[in-house]
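Only the coordinates and a few stated rules stand behind these numbers; no lab work does. Just so we're clear, the structure is a prediction, and the values are computed from it rather than from any experiment. Methodologically, a virtual Cβ is constructed for each residue, glycine included, from the backbone with ideal geometry; neighbour enumeration extends over all protein chains shown.
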Amino acid sequence: MENPLDISHEISVALSRNQPVVALESSVIAHGLPAPANVETALEMERIIRDCGAVPATIGVIDGRIRVGLTKEEIERLGEGKAPKLAVRDIPYAVAKKLDGGLTVSSTARIAASAGIVVMATGGIGGVHRGAAETFDISADLWELARTPIIVVCSGVKAVLDIPATVEWLETHGVPIYGYETSELPAFYSRSSGILVPKLEGSNEVADLAKTAPGAIGARCALVIAVPIPEANQVPAAAHIEKAVQEAESNRVKGKELTPFLLKRVGELTGGKSTEANIALLKNNAQVAAEIAVALFDDRDRRIGFMV
Ligand code: PSU
Ligand code: MN
């Protein structure tokens with residue numbers, strides 16, 4: 001069968017020269033943010049990464065081709081919001097049926113790692129949904145983090161989820177999670193969750209840890225780097241989240257529709273403030289991810305062991 005993976009020329013060259021590359025997911029474009037902010041944010045994240053000296057690799061599926069390095073036109077096409085949301089298990093169907101698709105953290109991590117990319121950025125990872133003891137709704141992101149060696153830069157777990165349960169899941173499955181310049185796990189729209197995590201001080205410390213992880217523990221899983229939202233962009237959203245979760249339950253919203261529903265509803269209930277916060281943290285995470293990628297590849301002659 002024909003290989004469905006297309007890596008853009010610029011990214012292939014960068015990877016072959018050991019230059020820093022940062023992968024970006026596309027579900028946030030197709031389902032996570034409203035238009036036109038979705039496309040604007042995706043392009044802005046790419047610009048921020050370039051300004052730091054790294055190459056952005058936004059990953060999506062277009063006409064059944066898995067594209068590492070979407071063009072502006074392809075980002076705009078996914079931004080229309082018609083493309084389905086693709087977790088890892090949805091990729092074969094999308095490829096076979098020649099569909100478009102926005103990729104979640106799980107599928108982005110898998111594809112990025114298989115292309116040789118070692119750092120990716122997102123807003124917040126998926127996790128254990130509130131009420132999961134009954135619904136069993138746990139994001140496929142978590143299993144992928146447990147088996148894919150990649151550095152995932154995020155603002156912690158999306159606040160619409162059950163954060164303590166997600167942290168327990170990561171502990172059980174041996175996925176390390178670190179605070180970026182903080183010893184408290186950030187909670188997406190706010191900087192504090194009350195949960196303590198080991199602290200890493202800056203991009204060089206992250207890079208040093210990533211280089212030693214394979215030797216120290218034979219890491220074959222992701223390293224999650226949790227970056228707090230910038231102070232000024234925090235929004236108090238707890239009451240609105242509660243309301244959105246209740247609405248989802250009474251309207252029987254479930255499966256892959258649930259996360260986009262909750263993000264959209266919290267956006268409406270906060271008068272757009274949570275969407276602004278989401279955009280601010282996405283851009284900040286792109287910046288930190290690029291700095292980490294640059295720090296990792298400062299020694300261009302040496303391939304880092306963590307990744308291969
Ligand atoms: N971060 C954001 N907005 C998003 C997401 C992450 O700031 O929309 C997406 C990611 O693609 C993540 C997905 O993988 O939400 C989780 O969806 P689910 O809970 O259905 O696994
Ligand atoms: Mn789910």
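Quick notes on this one:
- Sparse-neighbour loop sites [trypsin sites (Lys or Arg not before Pro); the range 9-74; at most 13 other C-beta within 10 Å; DSSP]: Arg17
- Computed over the range 105-208, Cα set: Rg, Dmax in Å: 13.4, 42
- Of Ala295, Gly255, Leu99, farthest towards positive along the dipole that unit charges on Lys, Arg, Asp, Glu beta carbons give the chain: Leu99
- Shown here for the range 168-270: trypsin sites (Lys or Arg not before Pro) in loop regions (DSSP other than H, G, I, E, B) with at most 13 other Cβ atoms within 10 Å, namely Arg220, Arg252, Lys254.
- Taking the chain and dividing mean pair separation by its residue count, relative contact order in percent (alpha carbons under 8 Å, at least six apart): 21 percent
- Ellipsoid semi-axes for the range 65-129, based on the Cα gyration tensor and the rule √(5λ), read 18, 15, 14 Å when sorted largest first.
- On a per residue basis, the convex hull of the C-alpha atoms belonging to the range 25-73 measures out at 73 Å³.
- Mean separation of Cα contacts under 8 Å (6+ apart) over length of the range 1-150, as relative contact order %: 26 percent
- Dipole in debye (nearest 20) - the chain, about Cα centre, beta carbon charges: Lys, Arg +1; Asp, Glu -1: 560 debye
- When both bridge partners sit in the chain, DSSP labels roughly 30% of those beta bridges antiparallel.
- Under the Debye formula (equal points on every Cα, no solvent term), log10 I(q)/I(0) of the chain at q = 0.07, 0.09, 0.15, 0.16 Å⁻¹: -0.23, -0.39, -1.18, -1.37
- Cross-link pairs Lys82/Lys264; Lys85/Lys273; Lys85/Lys158; Lys98/Lys283 - those with Cα-Cα distance over 19 Å: Lys85/Lys273; Lys98/Lys283
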